[in-house]
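Input: a single structure, listed below in structure tokens.
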Amino acid sequence: MTRHHRRALLLACSLGLAHTSLHAEPRLTVISQWSAGAEGAAMDAFGNLVKKEGVTWQHSPVSGFTTDMMNKLRADIIAGHLPAAAQLKGPDIKAWSAIAPTVNMNDVVAASDFPQNVSPDLAKLHKPQGNWIALPLHIYRVNTLYASKKALDRIGATALPRTWDEFNSMAGKMAEAGITPVAHGGIAWGDTMYFELVLAGISPNAYQRAIMQLDDQALRGPEVLAGLRQLRQLTQWMNPSNAGQHWSVFLPALMRGEYGFLMMGGWASGVLKRGKFQEGKDFLCGPTPNDSQRPAFDMNADSLVFWDTRNPDLLAGQKIAAKVVMGKEFARTFTQINGSVPVRTDVDLADAGYQDCQRDAARNLKEAIAANQVLMSLGHNMAQPSGVTGELRDVLTEFVHNKRITAEQAQQRLVKAADAVR
Amino acid sequence: MNAARRTRDVLEGLSRLFAALVLATAVCYVVGFTAWTTWISFTDSALLPDYTFVGFKHYERLLGSRVFLVAYGNLAIYGVGFIVGAAATGLLLAILIDQKIRAENALRTIYLYPMALSFVVTGTVWAWLLNPDIGIENFVRGLGWDNFRFDWLIDSDLAIYAVVIAALWQASGFAMALLLAGLRSLDADIYKAAQIDGASPARMYLRIMVPAIWPIVVSVLVILLQIAIKTYDLVRALTAGGPGIATTLPTNVVYDYMFQRGEMGAGSAAAVMLLLSLLLVMVPYALFQRLQKRRQQRHD
């Protein structure tokens, strides 16, 4: 290389530097656990929407469990090499924002009609210190009941049970007909979720106090005991051989009518859709039984936290991405692909890209917000920090799989577990 | 002459240097990180290290928690079952193979083969075999024994024994290989002498051969002990710690606190207690050995 060349190169470099410092080149680095399938496709669609606004999209998925992605985030934080945005949820947003700097998005949010159109309970989780530092991407209804059409036909039923009494009578008939009424796997978070659905269905208010606020009196109360008794009843209708297995293993058998009911978040609709099973023909889908006579919605939502990287390009990218995420176009695109429900309650779901079950969940959400019965899921780490969830989870999963533990004993253990972490 | 000596000196210096490097790394990793983990276990660390001292808070909480007690009860059952079981099965296989049988190499390879698999594979395969709906129970019922039951895997009280079975399958061949090598290293004259004296084969093995290869037996036991204490993946793949928390081992508890609950302090405390439980076995053993050696020296 001649001296002449070198000088030219130097000049080019310095020009390039001057250029970036004058005009930020919006860029967004994102980490999430969504690498493949419908989830990966939804992220790609998100990327395309952001790219359309002139942002360079750099998504690094960390596949596997959420904890694997968190380990990557932890490493990034320790290395001082934060991504512009990371997928986190619920109380984790507060916990993680305490150990790394975040971006205040108040002005971007205030300039939109977003806050008026989302659940206040959900919004709260995204401003742990009062400022918007994160935004929810989508919502799943956890309290979703799937019933096998074939199993319903065999007992002469045409609709889903609305209360636990109706559920118990239908499940009893199924058991008599040789059908295993409940298609439950048996991994700890699933066991936790079954308790949560039962208690939320018996009394949403008791769920709010006992689980979300970890109130001692509510935990010792009659509703929790009734919930544990109903859960014990459900365990009598499960197949014990399923212990330790993932819920999705039993979907084909459910569709064949060997099992009756499955309680699982709305993502199961997406799995069934991919399996070419049809709502109405192969299965029915709706809310899990609810004795409170007012709509309740047990929520699982994923969010994006915006980290302060001190990089103008990334900051510009974050602001644009935030605007995109709050918009209706993103809401429709993202949720149609991954089978979830829009965060905004003013999105029209008449589009053919949605399933009836998603429409039902979206309606359910709107009504539950009005009834002030939006609940945060315990099993999916929305109600409590993971340390608290873990403590309650150990009690619940043992109760589900060990029938010698009585409902009374389990209640005492729940109270004790809550004491240990409160 | 002089040059040769210099080369030797240089080589010796180099070997010392390398040994020192390895030693320093080992000390840094083993001692350094053990000390750091111990320190963290006394702090309020959650997602990241936080050096606020909280004393024995995490230890008290763990000792009072049910999952911790269940995990140590399981470790006791699993540890004893696995170590004694694998050593005994290995010894039996070694003695049987030692009978100058045909196809010895093939059999030895077959028995040793499970060791080449990871515990995750073992766990997954045995999860199928032991599952009553699709595994052995279902198979035997299909043969006509309608009332046959083998549902340990889903029984909260017996599931830990199902874990022991899978672990035995994995490690017995390894114990066999070491013990067989020991038996083969013995002088063939011992066999003949014992036979002439009229010792039965069982007596010959238990009273003469096994004591003769005792150091190898001890090595096998020690290696099995450390495999037992660090077992994590087998449970994860075989039972996911269940049914419920029935097969959780201390290592699973450490992982749960560290990574799923995001409580580094409590997770470290669980890890330190695991180390202490290992020391509880190893220190008396080391003392015992020392005592024996001293006694032997006195005899000499």
State whether the residues of region A:345-356 include one that is closer than 20 Å to A:Glu39 by Cα, of a type in the set (A, V, I, L, M, F, W, C) and surrounded by 23 or more Cβ atoms within 10 Å (Cβ to Cβ). no
Selection from region A:401-415 of residues that are at pLDDT below 95 and either away from chain B (no Cβ under 12 Å) or part of a helix (DSSP H, G or I) (or both): A:His401
Taking the residues in region B:37-72 that are in a helix (DSSP H, G or I), of a type in the set (Phe, Trp, Tyr) and within 14 Å of chain A (Cβ to nearest Cβ) as candidates, determine which candidate is farthest from B:Ile245 (Cα to Cα). B:Tyr59
Residue list for region B:114-146, restricted to those being part of a helix (DSSP H, G or I) and touching a helix residue (DSSP H, G or I) at 6+ places or on another chain (Cβ under 7 Å): B:Pro114, B:Met115, B:Phe119, B:Val120, B:Thr122, B:Gly123, B:Thr124, B:Trp126, B:Ala127, B:Leu129, B:Leu130, B:Ile136
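Let's see how each residue does on (1) modelled with pLDDT of 95 or more; (2) away from chain B (no Cβ under 14 Å); (3) farther than 19 Å from A:Ile320 by Cα; (4) crowded, with 18+ Cβ neighbours inside 10 Å:
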| site | (1), (2), (3), (4) |
| --- | --- |
| A:Glu25 | no, yes, no, no |
| A:Ser35 | no, yes, yes, no |
| A:Ala41 | no, yes, yes, no |
| A:Phe46 | yes, yes, no, yes |
| A:Phe65 | no, no, yes, no |
| A:Ala75 | no, no, yes, no |
| A:Gly80 | no, no, yes, no |
Among the numbered criteria (1) small (Gly, Ala, Ser); (2) in a helix (DSSP H, G or I); (3) on the phi > 0 side of the Ramachandran plot, which one does B:Ala269 miss? (3)
Hey, does region B:169-184 have a residue that's over 25 Å from the mean Cα position of the chain (by Cα) and charged (D, E, K, R)? no
Cβ-Cβ under 6 Å, sequence separation 6+ or interchain: first residue in region B:146-162 and without any contact (Cβ under 8 Å) to a residue 24 or more places away in the chain, partner among the aliphatic types (A, V, I, L, M). Which pairs? B:Phe148/B:Val140; B:Phe150/B:Ile136; B:Trp152/B:Leu158; B:Trp152/B:Ala162
The conditions are (1) closer than 30 Å to B:Asp50 by Cβ; (2) more than 14 Å from chain A (Cβ to nearest Cβ); (3) surrounded by 16 or more Cβ atoms within 10 Å (Cβ to Cβ), and B:Leu275 fails exactly one of them. Which is it? (3)
Provide a single number: the residues in region B:195-215 that are in a helix (DSSP H, G or I) and within 16 Å of B:Asp98 (Cα to Cα). 11
The lone condition B:Leu224 fails out of (1) crowded, with 20+ Cβ neighbours inside 10 Å; (2) of a type in the set (A, V, I, L, M, F, W, C); (3) without any contact (Cβ under 8 Å) to a residue 12 or more places away in the chain is (3)
Residue check, B:Ile213 against (1) under 19 Å from the mean Cα position of the chain (by Cα); (2) free of Cβ contacts under 8 Å to residues at least 40 places away in the same chain; (3) more than 14 Å from chain A (Cβ to nearest Cβ), all met but one. Which one? (1)
Identify the residue in region B:126-146 that is among the β-branched types (Val, Ile, Thr) and more than 9 Å from chain A (Cβ to nearest Cβ) and, among all such residues, is farthest from B:Gln170 (Cα to Cα). B:Val140
Please go through region A:246-273 and give me each residue that is surrounded by fewer than 20 Cβ atoms within 10 Å (Cβ to Cβ), under 17 Å from the mean Cα position of the chain (by Cα) and aliphatic (A, V, I, L, M), ordered by number. A:Val271
Would you mind stating whether B:Ala194 is more than 14 Å from chain A (Cβ to nearest Cβ) and crowded, with 18+ Cβ neighbours inside 10 Å? yes
From B:Ala246, B:Ala237, residue being under 27 Å from B:Ser172 (Cβ atoms), among the hydrophobic types (A, V, I, L, M, F, W, C), within 10 Å of chain A (Cβ to nearest Cβ) and in a helix (DSSP H, G or I): B:Ala237
Pairs returned, first residue in region A:305-327 that is over 25 Å from A:Arg344 (Cβ atoms), second residue that is acidic (Asp, Glu), beta-carbon separation under 7 angstrom, 6 or more apart or interchain, are A:Asp313/A:Glu25
Being modelled with pLDDT of 90 or more and of a type outside the set (Phe, Trp, Tyr), is that true of even one residue in region B:279-298? no
Which one is nearest to A:Leu231 (Cα to Cα) among residues in region A:391-412 that are surrounded by fewer than 19 Cβ atoms within 10 Å (Cβ to Cβ) and basic (Lys, Arg)? A:Lys403
Here are A:Asn381, A:Asn372: which of them is of a type in the set (S, T, N, Q), surrounded by fewer than 20 Cβ atoms within 10 Å (Cβ to Cβ) and either away from every other protein chain (no Cβ under 11 Å) or closer than 21 Å to A:Leu199 by Cβ (or both)? A:Asn372
Of residues in region A:229-248 being more than 14 Å from chain B (Cβ to nearest Cβ) and not charged (D, E, K, R), the one farthest from B:Ala162 (Cα to Cα): A:Gln230
Among the residues listed as A:Gly130, A:Gly190, the single one being modelled with pLDDT under 95 and surrounded by fewer than 19 Cβ atoms within 10 Å (Cβ to Cβ): A:Gly130
Check region A:273-292 and report whether any residue there is more than 17 Å from A:Gly379 (Cα to Cα), in a helix (DSSP H, G or I) and at pLDDT below 95. yes
Those residues of region B:147-186 which are of a type outside the set (Ser, Thr, Tyr), within 14 Å of another protein chain (Cβ to nearest Cβ), touching a helix residue (DSSP H, G or I) at 6+ places or on another chain (Cβ under 7 Å) and in a loop (DSSP other than H, G, I, E, B), in sequence order: B:Arg149, B:Phe150, B:Asp151, B:Leu158
Take region B:73-101 and flag every residue that is surrounded by fewer than 18 Cβ atoms within 10 Å (Cβ to Cβ) and either within 14 Å of chain A (Cβ to nearest Cβ) or in a helix (DSSP H, G or I) (or both). B:Gly73, B:Ala76, B:Ile77, B:Val80, B:Val84, B:Ala88, B:Leu92, B:Leu96
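The values are calculated or read from the model by the stated rules, or taken from the named source; none is laboratory data. For clarity, every value in this text was computed on a predicted model and none was experimentally measured. A quick note on method: Cβ atoms are made from the backbone with ideal geometry, for glycine too, and the neighbour counts reach across all protein chains shown.
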